[in-house]
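Beneath this line is the structure, given in structure tokens, with notes to follow.
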Amino acid sequence: MNPPGSIFEIREIREIPEVPEVPEIHYRLAAPARGQRPGAHRSRSGDSGLEFRGHAALKDAPDPRRLDLHASLRDPFGEWRVRLFSQRKAVPVVVVADLSASMGYRGCQHKPEVLADLVDSLAWSAWRAGDSFGFVGCAASVQADWLQLPTRQRQAGAALAHALRGWQPKAGAESASADGLLQAPALLGRQRALVFLVSDFHFPMLLLRATLAGLAAHEVVPVVLRDAQELALPERWGLLHVRDPETARQRLVWWRPALRERWQAAQAAEHAALLQVFSEAGLRPLFVDGAFDADAVTRHFQQ
């Protein structure tokens, strides 16, 4: 045994808690990125990258180090030609989330927890790619408590996800609609961003069309959160309490075959209308049925 106070004295070793691993999403843009900050996304600007973009006259791009003799000899006007290279850029990644009352539904999964998992994974992935991450939560208006402008802080997404897991919609008119989605585009800035529009889309299609029109300057990925129990019907006949999650109104109805058929037809028509609106905007929605799966989000960008 070593004497007390020696440099070989054995000290108590405390266990360091393991940090839970956050699944990474590999996303990419359909169009070239714009902006000034270097990043991981291809662009059509810059002059210090590695991706060949084309040629220009030496007088327009005065960099003799990039002189291309073969292109210069082929030039019909006899001008010196230099190579141009595009620099990869960073983009803002923003989640615009519907926080109206229906998003508080708890069935097979709790929608706020699914949203929190998506936010946590996206924020971590954006930080890994050198992109900034932001969040805009909307109910009847943009919620000031759920507004995070794009930032490159490493733990911003983790704190936001932790808060979302404990979120419950407030009672009253503020949570009865998702009209605040119309105000979100004004908070995104002028740079083209990758926007994840997350909702269950249980609101009028006119509101969705107006929201997508406001986000037209950005690259939008609609994320549709659904739960297997949300629209499921009981097998038996009889009286059943039905509750509207947006208005909290309850109604006692008698389920019968005719009413079941009307219900199923209405749900099919709503789903078809939702797909039609996305198709008109040139968007391909990502459906999240149940728990969050980061690999499914990655596959959405690879299709």
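Each reported figure results from applying straightforward, stated rules to the coordinates on display, with no laboratory input. Quick caveat, the model's predicted, so the values are computed rather than measured. Every residue, glycine among them, receives a Cβ derived from its backbone with ideal geometry; neighbour counts consider all protein chains shown.
Our estimate of slack between Glu21 and Gln153, defined as 0.36 nm per intervening residue step minus the Cα-Cα distance, is 45.8 nm. Fully extending the segment from Asp145 to Leu207, taken as 0.36 nm per residue of separation minus the present Cα-Cα distance, adds 20.0 nm.
Of the residues Cys138, Cys108, the one with the fewest other Cβ atoms within 10 Å heads the list, and the complete ranking is Cys108, Cys138. For the pair Ala31 and Phe52, a Förster radius of 22 Å applied to the C-beta separation gives a FRET efficiency near 0.70, rounded to the nearest 0.05.
For Lys170, the lysines whose Cα falls under 26 Å of its own Cα, not counting residues fewer than eight places away in the same chain, are Lys111. Here Lys59 is the anchor, and the lysines within straight C-alpha reach of less than 29 Å, apart from those fewer than 8 places off in the same chain, are Lys89.
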